[in-house]
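The values are calculated or read from the model by the stated rules, or taken from the named source; none is laboratory data. Computed from a prediction, not measured in an experiment: that's the story for all the values here. Because the Cβ atoms are built from the backbone with ideal geometry, glycine has one as well, and the counts that use them run over all protein chains shown. The area values use the complete protein model at the heavy-atom level, side chains included, leaving out ligands, DNA and RNA. Shrake-Rupley method; radii C 1.70, N 1.55, O 1.52, S 1.80 Å.
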Amino acid sequence: MTVLSLGDFAKEFRGNLLVPQTDGYEAARKLWNGMIDRRPACIARCKTAADVQAALRFATANNLQIAIKGGGHDAAGLSLCDDGLVIDLHDMRDVVVDAERRIARAGGGATWADFDRATAAHGLATTGGAISSTGIAGLTLGGGLGWLMRSYGLACDNMIGATVVTADGAIVHTNDSEQSDLLWALRGGGGNFGVVTEFEFALHPVSTVFGGMLVYPLQWAKDVLRVYRDVTAAASDALTVFAVMTHSPDGHGVIALAICYNGSVEDGERAIKPIRDFATPVAGSVGLIPYTALQTMLDAGLPPGLNVHWRSEFVTSIPDPLITAAVESYEDASSPLNVILIEQLGGAVNRVARDAAAFDHRDSHYNFVIIGRWTDPATADAHVAWARETSDSVKPFTTGRVYVNYIGAGEAPDRVRAAFSPEKFSELAKVKTKYDPQNIFRINQNIPPG
(Lines give C-alpha, C1' and ligand atoms only; values in the text may rest on other atoms or scores of the structure.)
Protein backbone atom coordinates (compact mmCIF):
# COMPACT_ATOMS: atom_id res chain seq x y z
CA MET A 1 0.00 0.00 0.00
CA THR A 2 1.23 3.47 -0.89
CA VAL A 3 2.46 5.50 2.07
CA LEU A 4 0.29 8.56 2.73
CA SER A 5 1.69 11.83 4.01
CA LEU A 6 0.04 13.73 6.82
CA GLY A 7 -0.67 16.46 4.29
CA ASP A 8 -2.52 14.04 2.02
CA PHE A 9 -4.47 12.81 5.03
CA ALA A 10 -5.38 16.35 6.04
CA LYS A 11 -6.84 17.08 2.57
CA GLU A 12 -9.57 14.46 2.95
CA PHE A 13 -10.07 14.75 6.72
CA ARG A 14 -12.84 17.09 7.90
CA GLY A 15 -12.12 16.81 11.61
CA ASN A 16 -9.20 18.13 13.65
CA LEU A 17 -5.72 16.59 13.40
CA LEU A 18 -3.60 16.97 16.52
CA VAL A 19 0.12 16.24 16.58
CA PRO A 20 2.72 16.95 19.29
CA GLN A 21 3.30 20.65 19.94
CA THR A 22 -0.03 21.68 18.39
CA ASP A 23 -2.76 23.37 20.40
CA GLY A 24 -5.09 20.84 21.95
CA TYR A 25 -2.78 17.84 21.71
CA GLU A 26 -1.86 17.68 25.40
CA ALA A 27 -5.47 17.98 26.53
CA ALA A 28 -6.63 15.38 24.00
CA ARG A 29 -4.15 12.77 25.24
CA LYS A 30 -5.30 13.01 28.86
CA LEU A 31 -7.47 10.15 30.05
CA TRP A 32 -9.64 9.62 33.13
CA ASN A 33 -6.97 7.26 34.51
CA GLY A 34 -4.04 9.51 35.37
CA MET A 35 -1.48 6.68 35.34
CA ILE A 36 -1.73 6.49 31.54
CA ASP A 37 0.90 8.72 29.91
CA ARG A 38 1.23 7.97 26.20
CA ARG A 39 2.15 10.18 23.27
CA PRO A 40 0.48 9.29 19.97
CA ALA A 41 2.04 10.45 16.72
CA CYS A 42 -1.35 11.82 15.73
CA ILE A 43 -4.80 12.19 17.29
CA ALA A 44 -7.50 12.30 14.62
CA ARG A 45 -10.59 13.98 16.06
CA CYS A 46 -13.26 12.71 13.69
CA LYS A 47 -16.55 14.37 12.85
CA THR A 48 -18.06 11.74 10.58
CA ALA A 49 -17.76 8.07 9.67
CA ALA A 50 -15.94 9.21 6.55
CA ASP A 51 -13.29 10.80 8.79
CA VAL A 52 -12.90 7.47 10.57
CA GLN A 53 -12.42 5.77 7.20
CA ALA A 54 -9.77 8.33 6.22
CA ALA A 55 -7.94 7.90 9.53
CA LEU A 56 -7.99 4.15 9.13
CA ARG A 57 -6.55 4.42 5.59
CA PHE A 58 -3.78 6.70 6.79
CA ALA A 59 -2.86 4.45 9.70
CA THR A 60 -2.79 1.24 7.68
CA ALA A 61 -0.87 2.87 4.81
CA ASN A 62 1.80 3.98 7.27
CA ASN A 63 1.75 0.83 9.41
CA LEU A 64 0.71 2.80 12.48
CA GLN A 65 -0.86 1.20 15.52
CA ILE A 66 -4.45 2.31 16.05
CA ALA A 67 -6.21 3.15 19.30
CA ILE A 68 -9.88 4.11 19.52
CA LYS A 69 -10.96 6.81 21.97
CA GLY A 70 -14.57 7.41 22.91
CA GLY A 71 -15.01 8.87 26.37
CA GLY A 72 -11.45 8.02 27.46
CA HIS A 73 -12.74 6.53 30.70
CA ASP A 74 -11.54 2.94 30.30
CA ALA A 75 -9.83 1.47 33.35
CA ALA A 76 -6.82 0.16 31.43
CA GLY A 77 -6.21 3.31 29.39
CA LEU A 78 -6.40 1.43 26.09
CA SER A 79 -7.75 4.41 24.15
CA LEU A 80 -4.24 5.80 23.70
CA CYS A 81 -1.07 4.44 22.12
CA ASP A 82 2.52 5.60 21.89
CA ASP A 83 3.68 6.74 18.42
CA GLY A 84 0.55 5.48 16.66
CA LEU A 85 -2.73 7.06 15.58
CA VAL A 86 -5.72 7.64 17.86
CA ILE A 87 -9.13 7.63 16.22
CA ASP A 88 -10.81 10.06 18.61
CA LEU A 89 -14.63 10.28 18.53
CA HIS A 90 -14.82 13.20 20.98
CA ASP A 91 -16.63 15.42 18.47
CA MET A 92 -19.17 12.73 17.44
CA ARG A 93 -21.49 13.22 20.42
CA ASP A 94 -24.92 14.00 19.00
CA VAL A 95 -27.83 12.13 20.59
CA VAL A 96 -31.09 12.04 18.61
CA VAL A 97 -34.20 10.75 20.37
CA ASP A 98 -37.26 9.27 18.66
CA ALA A 99 -39.60 9.54 21.62
CA GLU A 100 -42.53 7.92 19.86
CA ARG A 101 -40.55 4.77 19.00
CA ARG A 102 -38.51 4.99 22.23
CA ILE A 103 -35.20 4.81 20.39
CA ALA A 104 -32.06 6.95 20.68
CA ARG A 105 -29.19 7.19 18.21
CA ALA A 106 -25.94 8.39 19.75
CA GLY A 107 -22.53 9.17 18.31
CA GLY A 108 -19.64 6.98 19.37
CA GLY A 109 -18.01 9.81 21.32
CA ALA A 110 -21.03 10.61 23.49
CA THR A 111 -20.82 10.30 27.26
CA TRP A 112 -23.63 9.14 29.47
CA ALA A 113 -24.09 12.76 30.54
CA ASP A 114 -24.74 13.64 26.89
CA PHE A 115 -27.07 10.69 26.46
CA ASP A 116 -29.04 11.15 29.68
CA ARG A 117 -29.51 14.86 29.06
CA ALA A 118 -31.08 14.16 25.68
CA THR A 119 -33.31 11.27 26.74
CA ALA A 120 -34.41 12.86 30.02
CA ALA A 121 -36.00 15.68 28.05
CA HIS A 122 -38.54 13.06 26.90
CA GLY A 123 -38.88 11.22 30.22
CA LEU A 124 -36.89 8.29 28.84
CA ALA A 125 -33.68 6.46 29.74
CA THR A 126 -31.72 3.28 29.19
CA THR A 127 -29.17 1.44 31.31
CA GLY A 128 -26.00 3.56 31.42
CA GLY A 129 -22.83 3.93 33.41
CA ALA A 130 -22.90 5.14 37.00
CA ILE A 131 -20.28 7.86 36.30
CA SER A 132 -21.66 10.44 33.91
CA SER A 133 -18.32 11.17 32.19
CA THR A 134 -18.05 7.54 31.05
CA GLY A 135 -18.34 7.11 27.29
CA ILE A 136 -21.32 5.18 25.99
CA ALA A 137 -19.06 3.24 23.62
CA GLY A 138 -16.62 1.54 25.94
CA LEU A 139 -19.19 0.82 28.61
CA THR A 140 -21.70 -0.70 26.18
CA LEU A 141 -19.20 -2.73 24.19
CA GLY A 142 -17.94 -4.38 27.38
CA GLY A 143 -21.44 -5.16 28.65
CA GLY A 144 -22.60 -2.07 30.49
CA LEU A 145 -23.56 -2.28 34.17
CA GLY A 146 -25.77 0.48 35.55
CA TRP A 147 -28.62 1.42 37.85
CA LEU A 148 -31.40 0.26 35.53
CA MET A 149 -29.90 -3.09 34.56
CA ARG A 150 -32.07 -5.17 36.89
CA SER A 151 -35.16 -3.55 35.35
CA TYR A 152 -34.14 -3.48 31.68
CA GLY A 153 -30.91 -5.43 31.21
CA LEU A 154 -27.37 -4.26 30.54
CA ALA A 155 -26.49 -1.39 28.23
CA CYS A 156 -25.47 -3.94 25.59
CA ASP A 157 -28.83 -5.69 25.93
CA ASN A 158 -30.49 -2.39 25.04
CA MET A 159 -28.21 -1.77 22.04
CA ILE A 160 -30.45 -2.68 19.13
CA GLY A 161 -28.21 -1.51 16.30
CA ALA A 162 -24.90 0.10 15.41
CA THR A 163 -22.94 1.66 12.58
CA VAL A 164 -19.39 0.33 12.42
CA VAL A 165 -16.30 1.12 10.37
CA THR A 166 -14.59 -2.24 10.01
CA ALA A 167 -10.91 -2.97 9.49
CA ASP A 168 -11.24 -2.94 5.68
CA GLY A 169 -12.75 0.55 5.79
CA ALA A 170 -16.32 -0.52 5.07
CA ILE A 171 -19.25 1.14 6.83
CA VAL A 172 -21.43 -1.66 8.17
CA HIS A 173 -24.89 -1.34 9.71
CA THR A 174 -25.77 -4.10 12.12
CA ASN A 175 -28.93 -5.09 13.96
CA ASP A 176 -30.69 -8.31 14.87
CA SER A 177 -31.53 -9.06 11.23
CA GLU A 178 -28.54 -7.53 9.42
CA GLN A 179 -24.93 -8.58 10.14
CA SER A 180 -26.32 -10.02 13.37
CA ASP A 181 -23.07 -11.85 14.18
CA LEU A 182 -21.36 -8.47 14.52
CA LEU A 183 -24.06 -7.11 16.82
CA TRP A 184 -23.78 -10.26 18.95
CA ALA A 185 -20.03 -9.69 19.31
CA LEU A 186 -20.42 -5.97 20.07
CA ARG A 187 -22.74 -6.86 22.95
CA GLY A 188 -19.91 -7.47 25.41
CA GLY A 189 -16.91 -8.37 23.25
CA GLY A 190 -15.22 -4.98 23.60
CA GLY A 191 -13.66 -2.80 20.93
CA ASN A 192 -12.26 -5.68 18.89
CA PHE A 193 -14.46 -5.57 15.81
CA GLY A 194 -14.37 -2.04 14.45
CA VAL A 195 -15.02 1.61 15.24
CA VAL A 196 -18.63 2.11 16.30
CA THR A 197 -19.57 5.55 15.05
CA GLU A 198 -23.23 5.37 16.06
CA PHE A 199 -25.21 3.34 18.59
CA GLU A 200 -28.94 2.71 18.58
CA PHE A 201 -30.57 2.05 21.96
CA ALA A 202 -34.01 1.03 23.14
CA LEU A 203 -35.40 3.48 25.70
CA HIS A 204 -37.74 3.07 28.68
CA PRO A 205 -40.03 5.47 30.54
CA VAL A 206 -37.89 6.69 33.44
CA SER A 207 -37.82 10.27 34.72
CA THR A 208 -37.51 10.00 38.52
CA VAL A 209 -36.35 7.21 40.82
CA PHE A 210 -36.29 6.61 44.55
CA GLY A 211 -32.58 6.84 45.12
CA GLY A 212 -29.62 8.16 47.05
CA MET A 213 -26.92 7.00 49.42
CA LEU A 214 -26.77 5.99 53.09
CA VAL A 215 -23.37 6.16 54.82
CA TYR A 216 -22.17 4.23 57.89
CA PRO A 217 -18.86 4.02 59.80
CA LEU A 218 -16.40 1.49 58.41
CA GLN A 219 -16.36 -0.37 61.74
CA TRP A 220 -19.97 -1.38 60.99
CA ALA A 221 -18.99 -2.78 57.59
CA LYS A 222 -19.48 -6.48 58.31
CA ASP A 223 -22.97 -5.93 59.68
CA VAL A 224 -23.87 -3.55 56.85
CA LEU A 225 -22.78 -6.11 54.27
CA ARG A 226 -24.89 -8.81 55.92
CA VAL A 227 -27.93 -6.54 55.70
CA TYR A 228 -26.97 -5.73 52.11
CA ARG A 229 -26.77 -9.45 51.31
CA ASP A 230 -30.20 -10.15 52.78
CA VAL A 231 -31.91 -7.22 51.07
CA THR A 232 -30.42 -7.82 47.65
CA ALA A 233 -31.03 -11.57 47.75
CA ALA A 234 -34.78 -10.93 48.09
CA ALA A 235 -35.00 -7.77 45.97
CA SER A 236 -37.46 -7.20 43.15
CA ASP A 237 -36.15 -6.14 39.74
CA ALA A 238 -36.95 -2.52 40.59
CA LEU A 239 -34.30 -2.35 43.32
CA THR A 240 -30.57 -2.06 42.66
CA VAL A 241 -28.12 -1.49 45.52
CA PHE A 242 -24.36 -1.08 45.37
CA ALA A 243 -22.19 -1.35 48.49
CA VAL A 244 -18.98 0.65 48.64
CA MET A 245 -16.14 0.87 51.15
CA THR A 246 -14.31 4.15 50.79
CA HIS A 247 -13.15 7.17 52.79
CA SER A 248 -15.13 10.33 53.38
CA PRO A 249 -13.67 13.72 52.39
CA ASP A 250 -12.52 14.22 56.00
CA GLY A 251 -10.53 10.98 55.88
CA HIS A 252 -12.78 8.63 57.84
CA GLY A 253 -13.36 5.10 56.58
CA VAL A 254 -17.01 4.50 55.67
CA ILE A 255 -19.26 1.98 54.03
CA ALA A 256 -22.11 3.32 51.92
CA LEU A 257 -25.15 1.77 50.30
CA ALA A 258 -26.02 3.47 47.01
CA ILE A 259 -29.66 2.82 46.19
CA CYS A 260 -31.88 3.01 43.12
CA TYR A 261 -35.52 1.93 43.19
CA ASN A 262 -37.15 2.24 39.78
CA GLY A 263 -40.62 2.88 41.08
CA SER A 264 -42.68 4.81 43.60
CA VAL A 265 -41.46 6.22 46.89
CA GLU A 266 -43.91 4.02 48.80
CA ASP A 267 -42.72 0.82 47.14
CA GLY A 268 -39.12 1.93 47.45
CA GLU A 269 -39.46 2.51 51.19
CA ARG A 270 -40.93 -0.96 51.62
CA ALA A 271 -38.06 -2.45 49.61
CA ILE A 272 -35.36 -0.86 51.78
CA LYS A 273 -37.14 -1.16 55.13
CA PRO A 274 -34.54 -3.65 56.48
CA ILE A 275 -31.84 -1.08 55.69
CA ARG A 276 -33.80 1.69 57.41
CA ASP A 277 -34.39 -0.56 60.42
CA PHE A 278 -30.74 -1.62 60.70
CA ALA A 279 -29.29 1.66 61.98
CA THR A 280 -29.35 5.40 61.52
CA PRO A 281 -26.74 6.40 58.93
CA VAL A 282 -24.15 9.02 59.77
CA ALA A 283 -24.74 10.77 56.46
CA GLY A 284 -26.75 10.59 53.26
CA SER A 285 -30.39 10.34 52.30
CA VAL A 286 -32.72 8.48 49.95
CA GLY A 287 -35.75 10.01 48.29
CA LEU A 288 -37.42 10.88 45.00
CA ILE A 289 -34.81 12.35 42.66
CA PRO A 290 -34.39 12.84 38.90
CA TYR A 291 -32.75 9.87 37.24
CA THR A 292 -30.09 12.26 35.92
CA ALA A 293 -29.23 13.19 39.53
CA LEU A 294 -28.68 9.53 40.36
CA GLN A 295 -26.48 9.21 37.29
CA THR A 296 -24.13 11.91 38.61
CA MET A 297 -24.27 10.92 42.31
CA LEU A 298 -20.93 9.07 42.26
CA ASP A 299 -19.05 11.51 39.99
CA ALA A 300 -17.34 13.44 42.80
CA GLY A 301 -16.12 10.22 44.40
CA LEU A 302 -14.46 8.96 41.22
CA PRO A 303 -12.92 12.08 39.65
CA PRO A 304 -10.56 12.12 36.66
CA GLY A 305 -6.81 12.37 36.97
CA LEU A 306 -6.00 9.94 39.78
CA ASN A 307 -3.77 6.94 39.13
CA VAL A 308 -6.08 3.93 39.06
CA HIS A 309 -5.78 0.15 38.95
CA TRP A 310 -9.04 -1.83 38.63
CA ARG A 311 -9.85 -5.49 39.13
CA SER A 312 -13.14 -7.33 39.37
CA GLU A 313 -14.39 -10.78 40.27
CA PHE A 314 -17.91 -12.08 39.71
CA VAL A 315 -19.66 -13.88 42.58
CA THR A 316 -22.96 -15.69 42.92
CA SER A 317 -23.45 -15.05 46.64
CA ILE A 318 -21.94 -13.18 49.60
CA PRO A 319 -21.06 -15.68 52.34
CA ASP A 320 -19.68 -14.50 55.67
CA PRO A 321 -16.07 -15.51 54.81
CA LEU A 322 -16.22 -13.26 51.73
CA ILE A 323 -17.48 -10.38 53.87
CA THR A 324 -14.64 -10.93 56.32
CA ALA A 325 -12.01 -11.08 53.58
CA ALA A 326 -13.35 -7.94 51.91
CA VAL A 327 -13.54 -5.86 55.08
CA GLU A 328 -10.13 -6.95 56.34
CA SER A 329 -8.59 -6.17 52.96
CA TYR A 330 -10.10 -2.70 52.97
CA GLU A 331 -8.94 -2.07 56.54
CA ASP A 332 -5.42 -2.73 55.21
CA ALA A 333 -5.88 -0.53 52.13
CA SER A 334 -2.67 0.95 50.76
CA SER A 335 -4.34 4.33 50.23
CA PRO A 336 -7.39 6.13 51.66
CA LEU A 337 -8.38 6.70 48.04
CA ASN A 338 -8.86 2.96 47.47
CA VAL A 339 -12.37 1.59 46.99
CA ILE A 340 -14.06 -1.79 47.23
CA LEU A 341 -17.40 -1.86 45.45
CA ILE A 342 -20.04 -4.58 45.18
CA GLU A 343 -22.42 -4.14 42.25
CA GLN A 344 -25.71 -6.03 42.33
CA LEU A 345 -26.69 -7.87 39.16
CA GLY A 346 -29.61 -10.29 38.74
CA GLY A 347 -33.11 -9.43 37.62
CA ALA A 348 -33.36 -8.71 33.91
CA VAL A 349 -29.59 -9.18 33.49
CA ASN A 350 -29.86 -12.85 34.40
CA ARG A 351 -32.98 -13.53 32.35
CA VAL A 352 -31.26 -12.80 29.04
CA ALA A 353 -30.20 -16.05 27.38
CA ARG A 354 -26.49 -16.65 27.78
CA ASP A 355 -25.98 -17.12 24.04
CA ALA A 356 -27.86 -13.92 23.13
CA ALA A 357 -24.79 -11.72 23.57
CA ALA A 358 -21.03 -11.92 24.00
CA PHE A 359 -21.39 -10.81 27.65
CA ASP A 360 -20.97 -14.04 29.56
CA HIS A 361 -21.96 -13.64 33.22
CA ARG A 362 -25.69 -14.25 33.32
CA ASP A 363 -25.36 -16.61 36.27
CA SER A 364 -23.55 -14.09 38.50
CA HIS A 365 -25.45 -12.01 41.04
CA TYR A 366 -22.74 -9.55 42.07
CA ASN A 367 -19.59 -7.98 40.68
CA PHE A 368 -16.88 -7.53 43.31
CA VAL A 369 -14.79 -4.53 42.24
CA ILE A 370 -11.37 -3.56 43.61
CA ILE A 371 -10.08 -0.08 42.82
CA GLY A 372 -6.61 1.03 43.87
CA ARG A 373 -6.11 4.82 43.55
CA TRP A 374 -3.16 7.07 44.33
CA THR A 375 -1.61 10.42 43.46
CA ASP A 376 2.16 9.78 43.52
CA PRO A 377 3.26 7.71 40.48
CA ALA A 378 6.30 6.50 42.44
CA THR A 379 4.05 4.54 44.80
CA ALA A 380 2.21 2.58 42.11
CA ASP A 381 3.64 -0.83 42.98
CA ALA A 382 2.21 -0.81 46.51
CA HIS A 383 -1.30 0.06 45.35
CA VAL A 384 -1.36 -2.41 42.48
CA ALA A 385 -0.09 -5.06 44.91
CA TRP A 386 -2.95 -4.25 47.31
CA ALA A 387 -5.50 -4.67 44.52
CA ARG A 388 -4.02 -8.00 43.47
CA GLU A 389 -3.76 -9.27 47.04
CA THR A 390 -7.39 -8.30 47.66
CA SER A 391 -8.37 -10.13 44.49
CA ASP A 392 -6.51 -13.22 45.69
CA SER A 393 -8.14 -13.08 49.13
CA VAL A 394 -11.67 -13.21 47.69
CA LYS A 395 -10.96 -15.59 44.82
CA PRO A 396 -12.17 -18.72 46.68
CA PHE A 397 -15.66 -17.17 46.72
CA THR A 398 -15.77 -16.08 43.07
CA THR A 399 -16.77 -17.71 39.80
CA GLY A 400 -13.23 -17.25 38.48
CA ARG A 401 -14.62 -14.94 35.81
CA VAL A 402 -13.98 -11.22 35.30
CA TYR A 403 -15.64 -8.20 33.72
CA VAL A 404 -13.85 -7.13 30.56
CA ASN A 405 -14.39 -3.43 31.33
CA TYR A 406 -12.67 -3.74 34.71
CA ILE A 407 -9.40 -5.36 33.64
CA GLY A 408 -6.65 -3.03 34.82
CA ALA A 409 -3.62 -1.68 33.00
CA GLY A 410 -0.83 -4.18 32.51
CA GLU A 411 -2.93 -7.26 33.22
CA ALA A 412 -2.06 -10.44 31.33
CA PRO A 413 -4.12 -11.74 28.37
CA ASP A 414 -5.44 -14.56 30.54
CA ARG A 415 -7.57 -11.96 32.34
CA VAL A 416 -9.30 -11.28 29.01
CA ARG A 417 -9.90 -15.00 28.49
CA ALA A 418 -11.40 -15.14 31.98
CA ALA A 419 -14.11 -12.74 30.80
CA PHE A 420 -15.61 -15.46 28.57
CA SER A 421 -16.19 -19.18 28.52
CA PRO A 422 -13.79 -21.06 26.20
CA GLU A 423 -16.66 -21.68 23.78
CA LYS A 424 -17.70 -18.04 23.67
CA PHE A 425 -14.10 -16.84 23.35
CA SER A 426 -13.70 -19.18 20.36
CA GLU A 427 -16.89 -17.82 18.77
CA LEU A 428 -15.71 -14.24 19.30
CA ALA A 429 -12.39 -15.13 17.65
CA LYS A 430 -14.33 -16.32 14.58
CA VAL A 431 -16.22 -13.02 14.38
CA LYS A 432 -12.91 -11.20 14.81
CA THR A 433 -11.46 -13.18 11.89
CA LYS A 434 -14.40 -12.17 9.69
CA TYR A 435 -14.27 -8.44 10.44
CA ASP A 436 -10.61 -7.85 11.44
CA PRO A 437 -8.46 -10.78 10.22
CA GLN A 438 -5.18 -8.87 10.64
CA ASN A 439 -6.01 -7.75 14.19
CA ILE A 440 -5.68 -4.09 13.23
CA PHE A 441 -7.85 -3.22 16.23
CA ARG A 442 -5.65 -4.81 18.88
CA ILE A 443 -5.08 -2.00 21.40
CA ASN A 444 -7.99 -3.14 23.53
CA GLN A 445 -8.88 -6.11 25.72
CA ASN A 446 -7.83 -8.15 22.74
CA ILE A 447 -9.45 -11.20 21.22
CA PRO A 448 -7.07 -12.37 18.45
CA PRO A 449 -8.43 -13.77 15.20
CA GLY A 450 -8.76 -17.53 15.21
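Between the stretch 417-437 and the stretch 174-191, what's the alpha-carbon centroid distance in Å? One Cα centre to the other: 12 Å. Computed from the C-beta positions of SER426 and ALA293, the FRET efficiency with R₀ = 45 Å rounds to 0.55.
Considering only GLY71, MET92, TRP112, the residue lying farthest towards the positive end of the dipole of the stretch 71-133 is TRP112, judged by Cα position with unit charges set on Cβ. Taking the convex hull of the alpha carbon positions in the stretch 245-362 and averaging its projected area over all directions gives 9.8 nm².
Within 10 Å, count the other beta carbons around each residue, average over each peptide in 253-261, 266-274, 101-109, and list them highest first. Walk me through the numbers before you get to the answer.
Working: 253-261: 24.0, 266-274: 15.2, 101-109: 21.4.
So the order, starting with the most tightly packed, is 253-261, 101-109, 266-274.
My understanding is that a pair violates if its Cα-Cα distance is over 25 Å; which of LYS11/LYS69; LYS395/LYS434; LYS273/LYS395 do that in this structure? Show your work: numbers first, answer last.
Values: LYS11/LYS69 22 Å; LYS395/LYS434 35 Å; LYS273/LYS395 32 Å.
Where the Cα-Cα span goes over 25 Å, the pairs concerned are LYS395/LYS434; LYS273/LYS395.
The residues of the chain expose on average 38 square angstrom of accessible surface per residue, using a 1.4 Å probe on protein heavy atoms. Annotation: extensible slack from ILE171 through ALA300 equals 42.6 nm (criterion: 0.36 nm per residue apart, minus Cα-Cα distance). Judged by the mean number of other Cβ atoms found within 10 Å, the most tightly packed of the peptides 80-87, 173-180 leads the ranking 80-87, 173-180. With the simple model of a label 7 Å out from the Cα in the direction of the Cβ, ALA412 to ALA234 spans 4.4 nm.
Taking the Cα centre of the chain as origin, sum charge times position over the Cβ atoms of Lys and Arg (+1) and Asp and Glu (-1), and report the length of that vector in debye to the nearest 20.
Values: 38 positive and 50 negative charges, 80 e Å.
That gives a dipole near 380 debye.
How tilted is helix 221-233 with respect to the longest principal axis of the chain? Cα atoms for both, answer in degrees (0 to 90, nearest 10). Helix 221-233 sits at roughly 70 degrees to that axis.
Normalised by the number of residues in the chain, what is the relative contact order in percent for Cα pairs under 8 Å and 6+ residues apart? About 16 percent, as a whole number.
Extending 7 Å from the Cα toward the beta-carbon at both ASP320 and ASP355 defines two label points whose distance is 4.2 nm. Given their separation in residues at 0.36 nm each and the Cα-Cα distance between them, ALA378 and VAL96 gain 97.1 nm when the chain is fully extended. Proximity of backbone amide H atoms, modeled 1.01 Å from N, is registered between VAL282 and VAL215, TYR216 at under 5 Å, excluding neighbours fewer than 5 places apart on the same chain.
Once divided by 2.2 N^0.38 Å, the Cα radius of gyration of the stretch 1-57 becomes 1.22. Measuring r between the beta carbons of THR399 and GLU266 and using R0 = 51 Å, the FRET efficiency lands at 0.90.
Most tightly packed first, judged by the mean number of other beta-carbon atoms within 10 Å of their residues, the peptides 399-407, 70-78, 343-351 read 70-78, 399-407, 343-351.
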